[in-house]
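The structure appears below as structure tokens.
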Amino acid sequence: MAKNKLHHNKPKSSIPALVLSLAGIHAAGAQNLDLSDTGQLLDGIAAVVNDGVVLKSELAMQAAMIRQRLLEENTQLPPMDVLTGQVLERLVITRLQLQRAERLGVEVTDETLNMALSDVARRNNVSLTELPELLAQDGVNYAGYRSEMREQLIIDQLRQRDVMSRIVVTPRELEDYLERQEGKAHINQEFRLSHILISVSATATPEDVDQGQTQALEIFELLQAGSDFAELAVSYSDGQSALEGGTIGWRRGDQLPTLFADIIPGMQPGQFSEPIRSASGYHLIKLDEVRGGEIIIEDQTHLRHILVVPNEILDDENARQRLAMIREQIVEGDDFEAIATVVSEDPGSGANGGDLGWNGPDTFVPEFQAVVISLEIGELSEPFKSPFGWHIVEVLGRRQHDTTEDVQRQQALMALRINKLEEETELWVRRLRDEAFVEYML
């Protein structure tokens with residue numbers, strides 16, 4: 001029974017100075033297009049990426065959009081050539097990921113894409129059919145938005161395949177992690193973080209490493225002198241969140257990146273770290289905000305049920321009638337557990353006499369949960385249908401349960417995987433970049 005307002009990098013020495021001057025969004029598009037002999041505007045190439053290209057028009061459009069977003073967020077803009085360089089490197093990385101996905105046959109079906117777009121529409125309180133109009137109000141072309149969404153889903157699948165699927169957490173790691181977290185108040189807190197990465201290639205020379213350290217220390221000194229973290233992230237960070245001002249969002253205390261897990265809980269909001277060395281380079285982290293830390297109390301219900309599944313021989317009406325007769329037998333005194341063990345077709349609970357144990361409110365599908373809510377303790381329901389078949393269910397008890405420890409354990413495995421994911425993703429992106437042929441044409 002378990003449930004399966006529009007939220008619309010680079011090694012600095014490897015990119016020549018960009019002299020693209022963008023006076024505004026409209027001018028951005030025009031200044032990156034060349035004129036043919038007939039006066040017709042032609043596109044140009046901003047970068048060659050293996051056997052593909054990044055077009056000047058793509059670069060101009062993305063740079064204008066990000067510039068506008070940064071202005072709306074009141075983030076101090078870096079020089080336009082610096083911003084354009086960051087945008088170009090992000091487009092290069094995106095192109096490399098999509099090229100790899102194509103080689104591996106990673107695809108996103110229209111059904112999957114529509115589900116993702118439906119989720120966007122739902123979060124903005126509109127239907128999927130109303131989404132194009134909502135996007136148009138923000139000046140966003142629906143076809144382009146749909147294409148970008150498909151590309152992002154492809155990249156997400158690729159990262160799941162190349163990075164997440166290869167992260168292994170051993171039982172010993174899980175137990176050690178839980179022991180380390182014991183007694184730590186911060187594990188139930190959430191931290192909103194920002195991040196600057198000065199990347200260092202896996203094949204970097206000692207001089208390259210020293211250069212990265214020097215740049216990280218220079219940024220740290222600028223922060224100490226009062227410079228804005230977001231502005232410096234946009235200008236200098238090689239991290240995936242650079243063009244968002246370095247913001248990487250909210251993380252639970254037990255999901256902090258391993259590299260920062262011992263540092264962040266001791267920081268105060270607004271405080272930033274000194275440069276931290278890792279395999280991917282030098283990191284500076286800023287704690288923006290802290291929240292949470294409460295005990296988790298959940299309303300739980302103890303249930304048992306009998307499931308009959310319709311098939312080619314037993315149709316819906318006959319399944320309902322069969323359960324109605326079984327219910328009558330139980331009401332008249334027959335043993336629920338014994339009948340469920342023989343009759344119930346739920347592979348999870350049938351062997352246990354239909355016992356589903358204690359469960360929270362989000363465990364079951366809506367049709368099942370609605371019946372559970374309506375029953376008194378000891379009451380046996382009439383037959384009802386869910387996507388799984390026909391049920392009768394009995395409520396054995398209700399309680400409020402402190403699930404803090406249970407939730408912590410359930411989340412520990414995912415937390416460990418997420419902790420490793422940050423660093424592994426950066427290393428994966430750097431490897432893609434280092435192994436690629438990229439030529440900048442600006």
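Coordinate-derived values only; no laboratory data. Since the structure is predicted, the reported quantities are computational estimates derived from the model, not experimental observations. In this analysis, Cβ positions are derived from the backbone assuming ideal geometry, glycine residues included, and neighbour counts consider all displayed protein chains.
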Cα extents of the range 188-310 per principal axis, largest first, Å, are 69, 34, 25
Among Asn74, Ala412, Leu303 the positive-end extreme of the charge dipole of the chain (Cβ point charges): Asn74
A correct Karplus calculation of ³J(HN,Hα) over the range 46-63, with 6.51 cos²θ - 1.76 cosθ + 1.60, θ = phi - 60°, whole Hz and x for Gly and Pro, returns 8, 7, 9, 10, 6, 9, x, 9, 10, 7, 4, 5, 4, 4, 5, 5, 5, 4
Roughly how many nanometres apart are two label points built 7 Å out from the Cα toward the Cβ at Val309 and Phe384? 2.2 nm
Mind giving me the nanometre distance, one decimal, between the label points for Thr170 and Thr214, set 7 Å out from Cα along Cα→Cβ? 4.1 nm
Size of electric dipole in the chain: Cβ of Lys, Arg +1 and of Asp, Glu -1, about Cα centre, debye, nearest 20: 1000 debye
[x] 1.04; [y] 1.07; [z] 0.95: which one is Rg/Rh (Cα atoms, Kirkwood Rh) as calculated from this entry? [y]
Just to check I understand the Karplus step: with θ = phi - 60° and J = 6.51 cos²θ - 1.76 cosθ + 1.60, what whole-Hz values come out for the range 74-81, glycine and proline as x? 6, 8, 4, 7, x, x, 5, 5
Looking at the range 333-441, what % of the alpha carbon pairs are farther apart than 18 Å? 67 percent
Per-residue counts of other Cβ atoms within 10 Å, averaged by peptide: what ranking do you get for 94-101, 201-208, highest first? 94-101, 201-208
What is the calculated FRET efficiency for Val342 to Ala436, with r their C-beta to C-beta distance and R₀ = 41 Å, to the nearest 0.05? 0.05
Calculated FRET efficiency, Arg192 and Leu375, Cβ-Cβ r, R0 45 Å, to nearest 0.05? 0.60
5 Å is the cut-off here: which amide hydrogens, built 1.01 Å from N in the peptide plane, fall below it relative to Asp288, excluding neighbours closer than 5 in sequence? Arg192, Leu193, Ser194, Gly270
Taking K and R as +1 and D and E as -1, what net charge do the other residues with C-beta under 13 Å from the C-beta of Ser227 add up to? -3
Over all Cα pairs of the range 76-225, the Kirkwood radius sets Rh, and Rg/Rh then becomes 1.05
Using DSSP to define loop residues, name the GluC sites (Glu not before Pro) in the range 264-310 whose beta-carbon has at most 15 other beta-carbon atoms within 10 Å. Glu294
